[in-house]
Amino acid sequence: MEKKSYVKVKCHECGNEQNVFGRASTEVKCTKCNAVLALPTGGKAHIKAEIIELI
Ligand SMILES: [Zn+2]
């Protein structure tokens, strides 16, 4: 099975949906409200938003 490298997430603050790279090396913020969606951990990103699907 192919590994998925992106996740589609839904922002807890505003409901905006966007794609986040699963191994993000920098903080990922919501494009609409600027809430933090993912934090870098040195490996797999820590996703703070609701994960809808792996893409
Ligand atoms: Zn948001």
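Worth a mention:
- Glu53 in contact with a Lys or Arg (Cβ under 6 Å, 6 or more places away or on another chain) and acidic (Asp, Glu): yes
- Residues of region 20-38 that are more than 15 Å from the ligand (Cβ to nearest atom), under 17 Å from Ile52 (Cβ atoms) and part of a loop (DSSP other than H, G, I, E, B): Gly22, Ala24.
- Subset of region 39-55 that is open to solvent by 70 Å² or more (accessible area, probe 1.4 Å) and outside any strand (DSSP E or B) - its residue that is farthest from Val28 (Cα to Cα): Ile55
- Residue count for region 20-38, restricted to those that are among the β-branched types (Val, Ile, Thr) and either modelled with pLDDT under 95 or buried (at least 16 other Cβ atoms within 10 Å of the Cβ) (or both): 3
- Scanning region 1-18 for residues that are open to solvent by 90 Å² or more (accessible area, probe 1.4 Å) and more than 10 Å from the ligand (Cβ to nearest atom) turns up Met1, Glu2, Lys3, Lys4, Tyr6.
- For region 4-30, a residue qualifies if it is among the charged types (D, E, K, R) and more than 11 Å from Lys44 (Cβ to Cβ), and the qualifying residues are Lys4, Lys8, Lys10, Glu13, Glu17, Glu27, Lys29.
- Scope region 15-49; condition closer than 21 Å to Lys3 by Cβ and charged (D, E, K, R); matching residues: Arg23, Lys44
The values are calculated or read from the model by the stated rules, or taken from the named source; none is laboratory data. Not measured: the values here are computed from a predicted model. FYI the Cβ positions are ideal-geometry reconstructions off the backbone, even for glycines, and counts take in every protein chain you see. SASA here: full protein model, heavy atoms, side chains in, ligands and nucleic acids out. Shrake-Rupley method; radii C 1.70, N 1.55, O 1.52, S 1.80 Å.
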